[in-house]
Amino acid sequence: MIKEKSKGLLIVISGPSGAGKDTICNKIIEGMKNIKMSISMTSREPRKNEVEGKDYYFVTKQEFERAIKNDEFLEYATVHDNQYYGTPKLKLDETINSGTSVILNIDIQGALKVKEKIKEALFIFIMPPSMEVLKERLIKRDTETKDKILERFKTAYNEINEYKKYNYIVVNDKLEDAVEKVKSIIIAEKCRVDRIEDIYLNTKEEFIHEGLIDKEFKNDDIVI
C-alpha cells in the first residue's frame with residue numbers, strides 16, 4: 001500500500017510588499033483541500049477590515065516580548081516601523097501533526113529563520129513582474145503615507161536579492177497563472193519520494209504475498 005505521510009506540509013511563502021502574496025495565499029486556501037493558513041502574531045495596530053484571530057493575533061509590544069521570553073515562537077522579526085511579527089509554535093505543530101498542511105505567509109527574515117530550523121519545509125518566493133509594477137501596487141493600496149511606501153519599496157529591493165535561498169520562485173504577473181503555479185508546486189511536493197511512506201520497495205515480496213509468484217521465482221523466469 002502507498003500512502004502520503006500523515007503529517008502535513010509546512011509551506012513558507014514570502015515576497016516583498018506589493019508582490020501579491022496575500023492574495024495568492026487566500027486563493028490557495030480557497031482552492032485546495034486540507035490546507036490552512038498559519039496566523040501570525042504582531043504588535044502593530046490592525047488595518048482597516050483586519051480581524052483579530054483571522055488575519056493576525058494583535059498584541060502589545062509588551063505581550064509579544066513576554067512570548068519571546070517564553071520561547072513561544074517558531075520565528076519572529078522586527079520589520080516595518082519597528083513592529084514585531086512572529087509565528088506561534090504550538091498551534092502550528094498541532095495542525096501539521098494532525099495531517100493538515102499549513103501556509104506561512106511571512107517576511108524574508110522570518111522565512112530564513114524557519115529554514116534554519118525546518119529544512120524539509122517548502123519555500124516559495126513570490127516575485128513581482130518588475131519594480132515599476134511593484135511601486136504602482138504599493139501606491140494603489142492607499143493604506144500608508146508616501147514615506148512608508150518609499151521605505152517598503154527600498155526594503156523590497158533588498159528582499160528580492162534573497163530569492164535564491166528559496167526552493168521555487170513564482171512571478172506574479174497574472175494572478176490566475178501565479179495561483180496555479182503555486183498549487184502545482186504544492187501537489188508535486190506531496191508526491192516526492194521522501195514525503196511518501198509505506199512504499200513496497202521490494203516488489204517480489206508483494207507478488208509473493210498476492211500469490212502471483214512463489215519464493216523461488218527469479219527475474220530470469222519472466223517471459224513476455
From the square roots a ≥ b ≥ c of the eigenvalues of the alpha-carbon gyration tensor of the range 33-180, which class results: rounded (a/c under 1.5), prolate (a/b over b/c), or oblate? oblate
Using the Cα centre of the range 5-73 as the reference point, and only Cβ charges (+1 on K/R, -1 on D/E), how large is the resulting charge dipole? Debye, rounded to the nearest 20. 300 debye
Distance in nm between Lys48 and Tyr157 label points, each 7 Å along Cα→Cβ, equals 2.9 nm
Asn34/Ile68 FRET efficiency (R0 25 Å; Cβ-Cβ; nearest 0.05): 0.20
Label model pair Asn167, Ile185: point-to-point distance (7 angstrom along the Cα→beta-carbon line) in nm is 0.9 nm
Cβ-placed point charges (K, R +1; D, E -1), dipole of the range 42-135 about Cα centre in debye, nearest 20: 80 debye
Footprinting exposure proxy for Val182, Val133 (fewest neighbouring C-beta atoms within 10 Å first): Val133, Val182
Please work out whether the range 38-88 counts as rounded, prolate or oblate from its C-alpha gyration tensor, where a ≥ b ≥ c are the square roots of the eigenvalues and a/c under 1.5 means rounded, while otherwise a/b larger than b/c means prolate and anything else oblate? prolate
The set of residues whose placed amide H lies less than 5 Å from the amide H of Lys36, leaving out same-chain residues fewer than 5 positions away, is Ser101, Val102, Ile103
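How would Phe58, Phe123 line up from fewest to most surrounding beta-carbon atoms within 10 angstrom?
Working: Phe58 17, Phe123 22.
In increasing order of surrounding Cβ atoms, one gets Phe58, Phe123.
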Taking 25 Å as R0, compute the FRET efficiency from the Cβ-Cβ separation of Thr60 and Glu116 and round it to 0.05. 0.35
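All of the numbers you see were taken from the coordinates with simple rules; none came from a lab. Owing to the predicted nature of the structure, the values given are computational and were not obtained by experimental measurement. Here Cβ is always computed from backbone atoms with ideal geometry, including for glycine, and neighbour counts include all displayed protein chains.
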